[in-house]
Each structure stands twice: as structure tokens, then as C-alpha cells.
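Asks: Here's a structure for you.
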Amino acid sequence: MINERGIFNVETIIRDAFDAAEIAISSLEQRSFPDEIIYVVKVVGDDEFRRGSEIGNSLDLEIQNAGVKGFVTVRKADADEPKQEKPTATGVGNPKATDLISLLNSRSRASELQPSLSYVPDTAFNIRTVSGNRHHLIFGRRGVGKTALMVEAKRLVTEAGHASVWINLQTLRKETVARAYCVILQRVCDSMQIHFGCKSLPPTVLSHILELNEQLDRALLQDEVSDKLMGRLIPRAQRVIRRFVETAACQLFLFIDELHYFNRTDQPALLDALHGSVRDCNAWLKIAGIRHLSRWFQPHPPLGLQTGHDADHVDLDITLENPSKAKTFLERILASYARSAGIPSLSGLIIGNALDRLVLASGAVPRDYLVLCGGAIRQAQRRVKARLIGVEDINKAAGEAAKVKLTELEDDTSGTTRARDLVGKLNSVRAFCLEEKKFTFFRIEFADKETHPIEYSYIQDLMDLRLVHLIDASLSDQHAAGNRSEVYMLDLSQFSGQRLKKNLKALDFSNGHLVLKETGTAAVAKVGARPTDRIGILRRGPVFQLSRLADVPI
């Protein structure tokens, strides 16, 4: 369309085309570059976005035929979230309970291709944080929901029209830093190319993306990729990525999962290269791993991501430090699975104190919580005329889960002596608690873990494997305020069979409070209803000396 000055008015052409299709434009922005102009149109709604994208493509040729070198990019202004209603059912004898078992087993582990059945935001609402414009390091034990959080964040940013890349570092665990960097950068190039795949007249930056991808192809055909070549690729990648996000009027998100599988000593160098590639761009790194197996920054020479400066931490471990908070969150997750199986309420499946025991048995780890619930349903179904899951069903399911955890231990350590070594350390802790002291929980003093860092790492490994659980990260000493300790509890699977023994002081959880019971006796349980009561209970725990782990036989 020619205006009164005889000038071809592109914005008027765009608005008229969208008006004719009855698509409301939320905003229209023009971005000028030395060799082309990008017109960014934002619309509301999925159907409007689909039809608007087709209109934008049809306008590209018209615009360029008029002598204007540019194109139209259509983006969504927001995203919709569909909701589904499910039929109802109650009781472990109902077929819906068996359906729930299958659902819990098949969908309790998230992946890029299989997200959580129904993502439930945690109490800190970390999804808002992780999908924001900031680099993030996401930490937590196995099963706490690191992958589920990132998959949901990827869904949200993709629906908003942004480009995203998903990398699982387990597949690159045997590669050098330089080769791993090239593989990741190649995936980034693929994503950027796909982003422009629907354009009939691709922008200039696409040729730069293709050239960079070809260089990566040539490099990866070699047996080795030199650090020198990687150093030359970083600034080139940064220029291409920056031009891409500006041209496409979007952001780029790199989701890096399972950081802990990559060689720990090489992790800072890989993160440093990735950070350099997205520096000063509208591109963001989202990196998940297990904290004590990860090394994201080294000071000399400075490499990696420095927390507080380059990236923020997101800690997903709820742990049993706040059992009431954990219970609320976990029940919301389980309720969403139950509704999907046609069970409207958890009260029609499990009694209240069994829900409390489920929190304790899982150590507040969401995946373990769901899997244990499935196991408890099976246990209840074996009982004659059973209707609801009880405490003993949870205990038996926890006992069976112990075998799975030890199998995971073998898998994670690839059958090395580390696996047998950890089993020995676990047996040492277990014997100390149940045979010597007759407690299901124990304390480790701060000073001791600083003196014995290697032995302390075994406790961290056992916690990662969910064979011990953190109850309190900083408990003050009753007689010396300056002395503090961590409090851990054995996993329920390690002592549920010991419940019949008399005088075993065991932690439990009831009505939102930590409880100390003495088995096989008529002693009144001590309830940690107030903070001082809770502290008093935990101070009773025996102190475990880490030196006991120094020479444990394999």
C-alpha cells in the first residue's frame, strides 16, 4: 500500500492483512538491521498464532517485491493451559487403583520426550524463576524433580515462541570438553535453523548459522577437537546467537540436564565455553545436576559460572527439615495422578496416618513418594478385603524399594569398588544406629565433617541415593551454642523390619509434626509441636564419628 507521500507502508499492509483475517494484533514492532528489517507481530491465542504465521509468510514476498528487504515474524503474546476432568473411583480394590499403579510407575520419571503427567509447582514456585531471563543452576537429589521442572520450563518458553535446546550430558559423559561443546553448539544451530524453517524467504542470519554448522560438522569428523579450535568457535557462536535472537525477536534457552554425569574436573571448562557463547545475548543457560557431584566454577584460573554473579542457584530439595511443607506439596502431586486415574480424593485410597508415613518413607523425594505409593497399593491389594492403604503397606513397600536403591547404586557406579564400598559404609552407619545406639537417626558435627571430608562425602552419597535423609542442616548444641551438627535419619527401608524390637527410638511424622517413639514399650511419644520441642527431640540423636568410615572393609 502506498501512502500519501508515495511511500510503500509495510506496517499498514500488515495491519490490513490481519484485520481482514479478523486477527487482533497485540503489538507490532519494527527492528532495523544494516541489511534487512524485521516486523515482529504479536497475537493472542493458539488459533490466531497459527493463522497469523501463515499470513506473515504470505506477506514476505509482497514486501520484498515492493523493494523492502525484510520479513514478518509472528509471536504469541501469551499461552493457554487446558484442563481436563476425570471420572471418579475409590478403594484399592477398584480397577482405577490398578490404573493408578501403572500411571505412577510409567510417569514418575520425567524426560524431555515424556514430561510429568501433571506438573505441580513447588511451594517456592521455581517454575517462574527457571523460565525467566537469568542463568540458573538447578540442584537436588535424584527424583526431586529437576528434569520435570526444566521440561515444564521448556514447554512454557516454547509456547511463548522462543527457541530452545535440550541436552542430556549423560550421552556426552565420555567426550572431551571441546567435543562436547561442539555437539551442544551443533544442537543449538539445528534449533535456530528449525526456527526459520517455515519462512519462504529466510533471513540473512540463516546463512551464518549454516556456515557455523558446517564448520562443526568438519570438526566432529576428526578424532579430536582441539581446545584452540573451541576457543575460536566461542566468539563466532556468540555473534551468530546474538544476531539470531535479534532477528527472530525471541530468546534462546539451553536446557542442560544431568551435569553430574560429565567429568567433574571438566565441568567448569564446559560451562565456561557455553557461557561465553551466550554472553550479552538474550540467551539463557538452565543447568541441572546433583550438587555434591557438580563443580560449576573454579577460581584459579576463573572458569565456569560464578553463583550470584553469573548464575543463580535453585535448590529443589525440600527434605524432611519441614515435614508439614513436604507433606502438602507431595499430596498435591499424588492427588493430580489420582485424578488422572479417575480417583477424585486420596481419602478414598489411603488412610491419613499412612499418608504421613509415606512422607517419611520417601524422605520427601517426589519420585520415591509416587513409586512407594504404587507399591503400597499392591501390598494392600494382597490383603483380604482390604479397602484402604495402611501404615504397614507403606513399610512393606519401603522394604522392597531398598533393593531397587541398591541396584541404582550399582548402576551409578558402573559396578566399581565404589558401589561395594558404599554398601559397607551404609552397613556401618546402620549397625551404629540400630545395634549399638538403638536410634533411627544420628548427628554429624560440623567440626567432624571438616576434619574428615572424604568420609563425609560417603554420607552425601548415601543421601543422594536416598538411603539416609537430612532432618536438620544446622542443629545447635545444648551445652555449647557455637557447636552445631547435621541430623540424618536412616531410610525407612533400613529399619522398618526392626520395629518389633523393643526400645528402638524411632522418628515418625504425625499431623504435621516430627514425633519420637520408643518401639515395643508403653512410653508416651514425644511430639515436636513447638520448635523447642523439635530441637529437643533431635538433640537426643547419638553423634556418629566419621572416623568410623575410614577403614570400613569392602
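The values are calculated or read from the model by the stated rules, or taken from the named source; none is laboratory data. Worth saying up front: this structure is predicted, and the values here are computed from it rather than measured. We place every Cβ from the backbone using ideal geometry, glycine too, and count neighbours over all the protein chains shown. In case anyone asks, the SASA skips ligands and DNA or RNA and just uses the protein heavy atoms, side chains included. Shrake-Rupley method; radii C 1.70, N 1.55, O 1.52, S 1.80 Å.
Asks: Would you mind finding the one in Leu271, Leu212, Leu216, Leu185 that is open to solvent by less than 10 Å² (accessible area, probe 1.4 Å) and touching a Gly at 6+ places or on another chain (Cβ under 9 Å)?
Replies: Among Leu271, Leu212, Leu216, Leu185, only Leu271 is open to solvent by less than 10 Å² (accessible area, probe 1.4 Å) and touching a Gly at 6+ places or on another chain (Cβ under 9 Å).
Asks: Give His260, His292 a once-over and let me know the one that is closer than 20 Å to Gln460 by Cα, open to solvent by 50 Å² or more (accessible area, probe 1.4 Å) and in a helix (DSSP H, G or I).
Replies: His292
Asks: Here is a follow-up. Where residues in segment 18-44 are assigned to a loop (DSSP other than H, G, I, E, B) and modelled with pLDDT of 80 or more, which of them is surrounded by the fewest Cβ atoms within 10 Å (Cβ to Cβ)?
Replies: So, considering only residues that are assigned to a loop (DSSP other than H, G, I, E, B) and modelled with pLDDT of 80 or more, the one surrounded by the fewest Cβ atoms within 10 Å (Cβ to Cβ) is Ala24.
Asks: Something else now. Determine the pairs where a residue that is touching a residue at least 12 places away in the same chain (Cβ under 8 Å) and aliphatic (A, V, I, L, M), located within segment 532-551, has a partner that is assigned to a helix (DSSP H, G or I) and open to solvent by 70 Å² or more (accessible area, probe 1.4 Å) with Cβ atoms under 6 Å apart, the partner being 6 or more residues away or on another chain.
Replies: Pairs found: none.
Asks: Now for a different question. Specify the residue that is farthest from Asp508 (Cα to Cα); the eligible residues are those in segment 321-332 that are open to solvent by 20 Å² or more (accessible area, probe 1.4 Å) and either assigned to a helix (DSSP H, G or I) or touching a helix residue (DSSP H, G or I) at 6+ places or on another chain (Cβ under 6 Å) (or both).
Replies: Arg332
A quick yes/no check of all residues on (1) at pLDDT below 90; (2) under 33 Å from the mean Cα position of the chain (by Cα):
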| residue | (1), (2) |
| --- | --- |
| Ser496 | yes, yes |
| Val524 | yes, no |
| Arg534 | no, yes |
| Arg540 | no, no |
| Pro553 | yes, no |
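Asks: Does segment 166-177 include one or more residues that are assigned to a helix (DSSP H, G or I), among the polar types (S, T, N, Q) and either modelled with pLDDT of 95 or more or open to solvent by 20 Å² or more (accessible area, probe 1.4 Å) (or both)?
Replies: Checked against the condition, which is being assigned to a helix (DSSP H, G or I), among the polar types (S, T, N, Q) and either modelled with pLDDT of 95 or more or open to solvent by 20 Å² or more (accessible area, probe 1.4 Å) (or both), segment 166-177 yields at least one hit.
Asks: Take segment 223-253 and flag every residue that is in contact with a helix residue (DSSP H, G or I) (Cβ under 8 Å, 6 or more places away or on another chain), open to solvent by 10 Å² or more (accessible area, probe 1.4 Å) and outside any helix (DSSP H, G or I).
Replies: Across segment 223-253, the qualifying residues are Glu224, Val225, Ser226, Gln251.
Asks: Also, I was wondering about something else. Does any residue in segment 110-122 that is among the hydroxyl-bearing types (Ser, Thr, Tyr) come within less than 6 Å, Cβ to Cβ, of a residue that is modelled with pLDDT of 70 or more and in a loop (DSSP other than H, G, I, E, B) six or more places away or on a different chain, and which pairs are these?
Replies: If the second residue must be modelled with pLDDT of 70 or more and in a loop (DSSP other than H, G, I, E, B), the pairs left are Ser116/Ala110.
Asks: Run Pro344 past the list (1) open to solvent by 40 Å² or more (accessible area, probe 1.4 Å); (2) not in a loop (DSSP other than H, G, I, E, B) and report the number of the one that doesn't hold.
Replies: The failed condition is (2).
Asks: Filter segment 193-211 down to the residues that are in a loop (DSSP other than H, G, I, E, B) and without any contact (Cβ under 8 Å) to a residue 24 or more places away in the chain and list them by number.
Replies: Residues satisfying the conditions are Gly197, Pro202.
For (1) farther than 30 Å from Asp317 by Cβ; (2) free of Cβ contacts under 8 Å to residues at least 24 places away in the same chain; (3) under 21 Å from the mean Cα position of the chain (by Cα), each residue gets a yes or a no:
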position	(1), (2), (3)
Ile138	no, no, yes
Leu156	no, no, yes
Ala163	yes, no, yes
Cys182	yes, no, no
Ser191	yes, no, no
Leu216	yes, no, no
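Asks: Return the total of residues in segment 238-270 being under 19 Å from Asn213 (Cβ atoms) and of a type in the set (S, T, N, Q).
Replies: Qualifying residue count, segment 238-270: 2.
Asks: Then there is this: If a residue must be assigned to a loop (DSSP other than H, G, I, E, B) and surrounded by 21 or more Cβ atoms within 10 Å (Cβ to Cβ), how many such residues does segment 347-380 contain?
Replies: Qualifying residue count, segment 347-380: 4.
Asks: Starting from residues that are over 21 Å from the mean Cα position of the chain (by Cα) and surrounded by 20 or more Cβ atoms within 10 Å (Cβ to Cβ), keep the ones in segment 456-467 and report whichever is nearest to Leu360 (Cα to Cα).
Replies: Residue satisfying both the conditions and the ranking: Ile459.
Asks: Being in contact with a Cys (Cβ under 8 Å, 6 or more places away or on another chain), within 23 Å of Pro115 (Cβ to Cβ) and not aromatic (Phe, Trp, Tyr) narrows it down to one residue among Leu358, Leu334, Leu346, Leu330; which is it?
Replies: Leu334
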